[in-house]
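Chemist: Below are the structure tokens for one structure; questions will follow.
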Amino acid sequence: MEAPSPPGFKLDQTFFGFKPEQRVDLHDNLFNLLWHGDGRWDWDMLYNMPIFLRKFYVKRVNKLIEERNAQQEAAIENAKKKRKSNSIPKSPF
């Protein structure tokens, strides 16, 4: 049985931050920004960055990665088409 607390004093969590299950997402975002940031940021800078700025940079990095992936896929498709069109037809003899 818990000791009664004086009226007006709650010992519940009063921090309005991340829940423990959300910390994985936070650190995943920090890692991705560090990894794809090419040395532009350090961990302390990202961790203490205002949330709206961090979200902006996460969206921006995601957009750049998607564009790069689309360009790579297009280059692969073009290479496949060129390979097919440049193939020498086999002689029936």
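Chemist: How about the stretch 9-93: which helices (runs of 4 or more DSSP H) wholly inside it have at least 3 residues that are at pLDDT 85 or above and of a type in the set (Gly, Ala, Ser)? Before the answer, list the steps.
Modeler: Working: elements: 23-36, 43-47, 51-85.
The helices (runs of 4 or more DSSP H) meeting that bar are 51-85.
Chemist: Which residues, counting only those in the stretch 45-58, are free of Cβ contacts under 8 Å to residues at least 12 places away in the same chain and surrounded by 10 or more Cβ atoms within 10 Å (Cβ to Cβ)?
Modeler: Met45, Met49, Leu53, Lys55, Phe56
The values are calculated or read from the model by the stated rules, or taken from the named source; none is laboratory data. The shown structure was predicted, so the numbers you read here are calculated from the model rather than taken from an experiment. Ideal geometry is used to build each Cβ from the backbone, glycine not excepted, and the neighbour counts take in all protein chains shown.
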